[in-house]
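The structure appears right after this line, and notes come after that.
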Amino acid sequence: MKKLDFPYPFSGFDKTTFTNCFTSVYMHLEGVRGNDKYECAKKQGKPCDNCGNCRRTLGGQQEQLFFLFDTMCGRSALRLRYGGELTEWQKRIGDCEEEGHGTDENIDFIFGFAGYAYEKITGDFKHAIANSIDAGKPVIAKAKAGAGRFRVIIGCDGKKLLEPNYKNAQKPPKKPIKYDELEALYIIGEKIKPRYLVEDGLERMIAVMEYNISEGLWDGYIEKMGLYTADSLGNASIDEKKNRMKRVAETMWYTFNCHNFAEVFRKYRPDDASGIDAAVYEAIGDMKRLGNPALKEAWDQISGPCNGYTHDLAWSLIGLEECVDWKKHAAGYFGEMVELTLCQIKKNDEEALEAMKKALTILQQR
């Protein structure tokens, strides 16, 4: 039996997607260590004093690195269509159950941004896995089907593949993957100079955000919830009102990806105590350049008034969907309140885009 020591947890913000698995594997490759025995005011029943110690744990560092890869590939800037049809950027990133962020384009970007060579193989799995484990490197595997398409292989015992504890991941795999369930493997090569830098990540995010606006993705929801729109909520049946509000709430749960987005840039605000290993984090895609004082205004705008505000507004719409009684006369006017809230979220996205463009211009001039 051959098995690597792999103590790294997974992000609770996602299933075992490619991004989630890659983040934990990246920590293994870089030898990241954490401190799970830390001082904490909250543990002592006191208010949080923002010391940042909890972020120095393995779980805390994995979360921050997950936010980084999730944001730079563009996924945390995605927005959904009201009707549920995948957008072009969702398809490119693989933001669906069938792909798990695992399109060739997205995988190549994340590997290139992190600065590692890799090889995708679709056959001779046994030899490839054995050779990688012998070299001290886990293997990222893609299953043929199922939720959380990606797995991490840390060893083999005859015909049995060994995987880590998918601690914290949403809906973790219940059974170990078998050789005949594998679709592809991603064999990790040498550490190389990153092929994609922070500017490439910002450009990718900007492209996603511009697409959201040009496609009028929020307008689809506003049309359904407004009282004076062509498809007025006032003309809908009680069941239809419920269905429309349910769809809004479902989308708000998804829109919490704005938290991932904000956290990446919040790190570069002076009032943030991230606690992550700067040598590991800032070397990725030359992230240390985001600490340029000239970018502070943009990061303050993105992490606070834009994405922070959207996060709070999303909770309000989720709460409304949970308690509204559409049979009451006054409830007929809630649609206008929802419409105004969605218009503000749309405005927040537009302002975040402008801040991102300004930041990119500053980076490109230096």
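The values are calculated or read from the model by the stated rules, or taken from the named source; none is laboratory data. As the structure is a prediction and not an experimental result, all values here were calculated from the model. Cβ placement follows ideal geometry from the backbone for every residue including glycine, while neighbour counts extend to all protein chains displayed.
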* To do: Give just the number: which of (1) over 27 Å from residue 355 (Cβ atoms); (2) outside any loop (DSSP other than H, G, I, E, B); (3) of a type in the set (Ser, Thr, Tyr) does residue 228 not satisfy?
  => (2)
* Structure fact -> Selection from the range 205-235 of residues among the charged types (D, E, K, R) and out of contact with any Phe, Trp or Tyr (no Cβ under 7 Å at 6 or more places or on another chain) yields 210, 215, 219, 223, 231
* To do: Consider residue 159 carefully, then state whether it is loosely packed, with under 15 Cβ neighbours inside 10 Å, at pLDDT below 95 and of a type outside the set (Gly, Ala, Ser).
  => yes
* Asked: Taking the stated definitions as given, is residue 249 at pLDDT 95 or above, under 20 Å from the mean Cα position of the chain (by Cα) and in a helix (DSSP H, G or I)?
  -> yes
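Which residues, counting only those in the range 5-61, are among the hydroxyl-bearing types (Ser, Thr, Tyr) and at pLDDT 90 or above?
Correct list: 8, 11, 16, 17, 19, 23, 24, 26.
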* Structure fact -> Within the range 139-175, the count of residues that are assigned to a loop (DSSP other than H, G, I, E, B), under 21 Å from the mean Cα position of the chain (by Cα) and aliphatic (A, V, I, L, M) comes to 2
* Asked: Can you name the residue in the range 138-150 that is buried (at least 19 other Cβ atoms within 10 Å of the Cβ) and out of contact with any Asp or Glu (no Cβ under 6 Å at 6 or more places or on another chain) and is also farthest from residue 183 (Cα to Cα) among such residues?
  -> 138
* Close pairs from the range 207-236: first assigned by TED's automatic domain parsing to the domain that holds residue 332, partner part of a loop (DSSP other than H, G, I, E, B) and β-branched (Val, Ile, Thr), Cβ under 8 Å, at least 6 apart -> 211/87; 212/87; 215/87; 217/87; 222/229; 223/229
* Check 299, 326 and return the single one that is of a type outside the set (Gly, Ala, Ser), within 21 Å of the chain's Cα centre (by Cα) and either assigned by TED's automatic domain parsing to the domain that holds residue 344 or at pLDDT 95 or above (or both). => 299
* Quick check, is residue 81 part of a loop (DSSP other than H, G, I, E, B) and at pLDDT below 95? -> no
* Within the range 176-225, can you find the residues that are surrounded by fewer than 17 Cβ atoms within 10 Å (Cβ to Cβ), assigned to a loop (DSSP other than H, G, I, E, B) and aliphatic (A, V, I, L, M)? -> 192
